[in-house]
Every structure is written in C-alpha cells, then in structure tokens.
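Here's the structure we're looking at; comments come further down.
The values are calculated or read from the model by the stated rules, or taken from the named source; none is laboratory data. Here the structure is a predicted model, which means the values were calculated and not measured. Every residue, glycine as well, gets a Cβ built from its backbone with ideal geometry; the counts of neighbours run over all protein chains shown. For accessibility, only protein heavy atoms count, side chains too; no ligands or nucleic acids. Shrake-Rupley method; radii C 1.70, N 1.55, O 1.52, S 1.80 Å.
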Amino acid sequence: MQATANLPAIWNLSLCGSSSKVHIVNPRHRKSHALHCLRSEGHEELDNSQENLGLSSITKEAKHKDIWNLFREAQKNILILNKQRLAAVEELEKLKNEKDELLERINQLEAESQIVIKKDKSSLSWELLLRIDSMVINGLINIEEASSMRKLVKDHEANISEFPLDVLQQGDAEILAELRQFTNKGKRNGLHVIHICTEMAPLVSVGPLASYITGLSSALQGEGYMVEVILPKYSTLDLDEIEGLREIEADAYSYFNGQLHANRIWNGVVSGIGVTLIQPVYYSSMFSRDKVYGYQDDFDRFAYFSRASLDYIAKSGKQPDVLHIHNWQTAIVGPLFWDVFVNQGLEGTRILLTCQDFDKGLVPPEKLELCGLDPAELHRLDRLQDNINPHFVNILKGGVVYSNKVVIMSSSHSSIPGLEPTLAIHKDKLFFAAFGVDNSMEKDFCCDLHVSAYTSIKNL
C-alpha cells in the first residue's frame, strides 16, 4: 500500500452509460500518451503546412501566368503602337516630300516667270518670229500675212517689250490675235539673214565654224540685223542650251532621191538667236551618229539637209535678204536656190558663201540628182565640174559660182587651192578675212566685213 501510496495517482474517469469507472494511469503511460498527442499534432501541422504550401504554389503559378499574360498583352500593345508610330512617321515623311516637291515646283515656276520677265528683246522677237513660222505651216495664216507680221516684229524690236509675255505661253491663235493688235512704232533697220550651216556654238562644235556662227550672228543683231540659223537636229546636240525649244506640230516635206519625205521641225532660241532644227523622219539615221563629219555618205546627208532647209524656208513664207551658206557641206544651196527655189517667193534673196574649210566635196555628177539637180546642166567647167578631176563635180566650186558674194577666211591663203581659175573669173565676188576672231578688234573687223558683203549683195 505504501508503494502504491508513493505513486502519483492519475484518475481516468470514463463515463460509459450509467456506470463510471475510475482508472489509475501509470506516469509512463502518461508520457507515452503525450508523445503520441504531440506526434499527432505534428502530423496535422505538417499536413496543413504541406497543404498550405501546395495552395501557395498554385497561387504563385496563377499569378505567374497572369503576369505573363499581362506582359504578352503589353508586348502586343507595344507592337501595335510601334506600327502606328511607323505609319505616322511614313505619313509625315510623305507629307514632307509632297511639301518639298510643292515648294520646288513653286520655285521652278517663279524661276520660269523670272526667265520670261528677263528675256531680252532679241529672244522675245525670235519666239514671235518662230511662232509665225508655225502659223504658216499649220495653215493658220497665209504667206502674205506672215510676211507682214515678220516685218512688223523685225521693224519694231525696240518696242517688243510691250508685247504681253503671258501670251507666249498660249497657242498660236492667241499669239496671232495679239500680233494683229500690236502697235506700229520703234522701227529697226537691218537685213534679214538666214545661216544654213552644220555647226553652232554651244549646240554642236567641231571646228571654228561653230563659234564663228554664234559670234557673227550676235554681232550683226547688235547692228540691227535679224539673224537666224538652220541646223540639222543631230542626236548629239546639247538641247539644254536651247531656250523655248518646241516642235512645230506639222510635217514639212522635202524632196530627196525622187520622193517627198517628211521632216520634224523644231524651233528655239540660242544666245538671243532664232534657231530651227530639221530632223528627217525616213532618213533618221543621217544625223543620229557619233560624229558630225567623216562618213562616206556625207554628201547625201548634207544635200538632204540643204534641200530640206530651202523647202522649209519656202513653205514657211520667209523672205530673207541673204542666205548665208558655209563650206562645201551647204554650198549646194547655191545651185539649188537658183535652179529650183528663186521663183518660190524668194526673188529678193541673195546668196553669200563663207569658206573656212577648203575641202571640195568631190562626188560623181549623178549624185546631184538626189536633191533634184540636173547633172547634165551642171557638169560643165563653168559650173560644177572640178578643175583637176573632170569626172567629178566640185560642190565648193558650185557654191562659188552660184553665190553672189564669197568670203574666204584664211590666215595663210588668199585663194582656195585647186579653185584658182574659178576665183579669177569670179574675183569681183570675193572678200578676204582673217581666219580667227580672237579679240574684239578682229570681231569688229569681221562684223564690218560681213556688213559690207551683205550690203553689196542687197545692192546688186
């Protein structure tokens, strides 16, 4: 009992039904029970912790997915914004380019208007004269009215600045109406000269002829002459040097090799000088070459051009005082003029030949038929037959024989080798000038010499 009394008593009261039992629990059992209870609670807490950890992981994964979704959505929005930004930049660049183009066009129009305003009287006169050519070829006016209008423009160049410049940008009919109302005052003096040539600076230049044509024409216009130039339309021409270049909207036909052939006619102004370009249609390859001279068919090419020039002059109703031809290439104009064209309204026109190049242009007589000349009539010693090679005709000699005056330009020759007998016969026609016009004194002398030649021609 004593041993039992020393042990602490643990009462375990269990109520079962109506009876009660009291158990005395041993302390060891109590300790074991406590450990069991702790283990049970630990397991429960671990399970709860693991369960909470699982829930936390799921929550984090959900949040991670939400973040990625938001990121992707943000990326999409950024791409859309970038596209919109790029589109806006492109639109702004397009508007800027359109603005720059508009400003450039405005500046160009202003520059063009300034050019029109600043045109000198000679350029204005030539634009009007060349438009008159277009009116005749298109049948808008007849040759008689064209002649009177040319005279009006020629005689009143001093007053040409009063002509309304904006009308020049309109059609031939509007210009014609204005010309018919143009006042008569401010007359000018001087002859009407047309150069038929193969070079003119700065359009096409091979030798001294090019600068000679431009320099002489400018000097003569300064003396009150009306000077214009007719050239082939070479494919190598520097067309940027031509002011107001325009094509006459009508074909001009010329005779060659037994048929009539169409030509395209272009007008413009170079250095204040009226320029007409002739472009063959059927024989288009004649002047579509790398060089101006040096081909086996050079006679054919320049005979075609010479005949086409005369056909154009006659059809347009021009009545120049002087046709000025140069070297053998256009010397055939002399025989053509007197044998074919003199009675086509050109009775008052005379011919002046300038020789800078002493090449003769020797060809068989039958070649003359190409441009409508009769070989039997011209293959004679007093006409085109060459003095040294009698089986050939000499085109330069024909120019001397059929011209009213001849200017020989040479620093070392007072004659043309091989043509001495011909020049002796026609000595009264001859003028001699230095080859170059390198300074103002020589230019003045050259101009004065040609004025004397032109005046003597007009007085014939």
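Tabulated data
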item	result
Residue pairs meeting the criteria (Cβ under 9 Å; at least 6 apart or on separate chains; first in contact (Cβ under 8 Å) with a residue 12 or more places away in the chain and open to solvent by 10 Å² or more (accessible area, probe 1.4 Å), in region 266-279; second assigned to a strand (DSSP E or B) and among the aromatic types (Phe, Trp, Tyr))	GLN279/TRP266
Tally, over region 214-243, of residues that are within 24 Å of the chain's Cα centre (by Cα), buried (at least 19 other Cβ atoms within 10 Å of the Cβ) and not in a loop (DSSP other than H, G, I, E, B)	6
Residue check for VAL292: part of a strand (DSSP E or B) and either under 24 Å from the mean Cα position of the chain (by Cα) or modelled with pLDDT under 95 (or both)	no
Region 291-315, subset crowded, with 24+ Cβ neighbours inside 10 Å and among the aromatic types (Phe, Trp, Tyr), residue farthest from ALA250 (Cα to Cα)	PHE302
Qualifying positions in region 391-402 - open to solvent by less than 10 Å² (accessible area, probe 1.4 Å), over 15 Å from ALA424 (Cβ atoms) and more than 38 Å from the chain's Cα centre (by Cα)	VAL393, ASN394, GLY398
Wholly enclosed helices (runs of 4 or more DSSP H) of region 316-383 bearing at least 2 residues under 22 Å from PRO417 (Cα atoms) and either in contact with a Cys (Cβ under 9 Å, 6 or more places away or on another chain) or open to solvent by 20 Å² or more (accessible area, probe 1.4 Å) (or both)	327-331
Within region 188-209, considering residues that are touching a Pro at 6+ places or on another chain (Cβ under 7 Å) and aliphatic (A, V, I, L, M), the one farthest from GLY334 (Cα to Cα)	VAL193
Single unsatisfied condition, GLU178 versus (1) under 26 Å from CYS371 (Cα atoms); (2) assigned to a helix (DSSP H, G or I); (3) at pLDDT below 90	(1)
Unique residue being among the charged types (D, E, K, R), farther than 20 Å from VAL227 by Cβ and at pLDDT below 75 when the list is GLU162, GLU144	GLU162
SER288 vs. criteria over 19 Å from GLU369 (Cα atoms), small (Gly, Ala, Ser) and open to solvent by 50 Å² or more (accessible area, probe 1.4 Å)	yes
Residue check, ASP297 touching a residue at least 40 places away in the same chain (Cβ under 8 Å), within 29 Å of PRO375 (Cα to Cα) and acidic (Asp, Glu)	no
